[in-house]
Amino acid sequence: MKLLASPTSPYARKLRVVAHELGLALPVEDTAPMTDPAALLAANPLGKVPALVLDDGSAMIDSPVIAAFLLASVPGQQLMAQSGHAHWQARTTEALADGVLDAAIILRFNMTQGITSGPWVDRQYRAIERALSVMNTRVGGSDFGDICIAVACDYLSFRFPDLHWREHNAALAELTYRLLATPAFAATRPPA
């Protein structure tokens, strides 16, 4: 199998960190989604990364689906509970972290178009602030949830260095600092 991904995609980074922590070999094919490469469109007609192409040629899309597949590929894995309340709480943390990424990517796209203010921009910043506040209370809920949180927070630092999210979210700051020093995060650091 191989992961079609951009080196700066935080969604792909989440998958790469999870694969690393699970001990799974996950070859990555550098894919620029904005150029609509044929391999990506064959795997995902939406033209979005990440996409996981399996050995039989079939594909999976969307990072939560791919993450669930990777976790299910390792029986007895300890990153996330396989069922029950703890499982769904970890999935909720993932959704919050992915929502932060969604809002941040909207903001980043708007910036490239010269849109830096207005009601839609303000709404994205408010969504990020609220989600960070909630995620600050969810640190330590699961290793998988913590991975999702740290990926989102590091993306904010990467793309929005003036956001100062650490000032009001001490648990997020400590978690991110700690996880960024691990081999899985070091190996998946996006290019500067």
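With charges only on Cβ, +1 for K and R and -1 for D and E, what is the dipole size of region 92-180 about its Cα centre, in debye, rounded to 20?
180
Identify, among 160, 26, 10, the residue whose Cα sits farthest towards the positive end of the charge dipole of the chain, taking +1 on the Cβ of Lys and Arg and -1 on the Cβ of Asp and Glu, with the dipole about the Cα centre.
160
With every protein chain left in place, what is the accessible area of residue 69 in Å² (1.4 Å probe, nearest 10)?
Here the accessible area works out near 60 Å².
How much of the DSSP bridge set in region 1-153 is antiparallel, in percent, rounded to the nearest 5?
Around 65 percent antiparallel, to the nearest 5.
Suppose accessible area is computed on protein heavy atoms with a 1.4 Å probe; arrange 120, 88, 165 from highest to lowest.
Largest to smallest exposure gives the sequence 88, 120, 165.
Mind ranking 8, 116, 93 by accessible surface for me, highest first, 1.4 Å probe?
So, going from the largest accessible area down, we get 116, 8, 93.
Per residue, how big is the convex hull of the chain when only Cα atoms are used? Give it in Å³. Don't skip to the end; give the middle numbers.
On the way: hull volume 23.6 nm³, N = 192.
Spread over its residues, the Cα hull of the chain gives 123 Å³ apiece.
Let me know the Kirkwood hydrodynamic radius for region 89-167, please, with Cα pairs as the basis and the value in Å to one decimal.
After inverting the pairwise mean of 1/r, the radius is 12.7 Å.
Using the 2.2 N^0.38 Å rule of thumb for compact globular proteins, work out how region 1-98 stacks up: its C-alpha Rg over that value, please.
Scaled against compact globular proteins, the figure is 1.08.
Give me the net charge of residue 187's neighbourhood, meaning all other residues with Cβ under 14 Å from the Cβ of residue 187; Lys, Arg count +1, Asp, Glu -1.
Here the count lands on +2.
If you place +1 on the Cβ of every Lys and Arg, -1 on the Cβ of every Asp and Glu, and leave all else neutral, what size is the dipole of the chain about its Cα centre, to the nearest 20 Debye?
260
If 49, 28 are ordered by their accessible area, calculated over protein heavy atoms with a 1.4 Å probe, which sequence runs from highest to lowest? Please list the in-between numbers first.
On the way: 49 25, 28 75 Å².
My answer, sorted largest first, is 28, 49.
The values are calculated or read from the model by the stated rules, or taken from the named source; none is laboratory data. Owing to the predicted nature of the structure, the values given are computational and were not obtained by experimental measurement. As a convention, Cβ positions derive from the backbone with ideal geometry for all residues, glycine included, and neighbour counts pool all protein chains shown. Note: areas computed on protein heavy atoms with side chains; ligands, DNA, RNA excluded. Shrake-Rupley method; radii C 1.70, N 1.55, O 1.52, S 1.80 Å.
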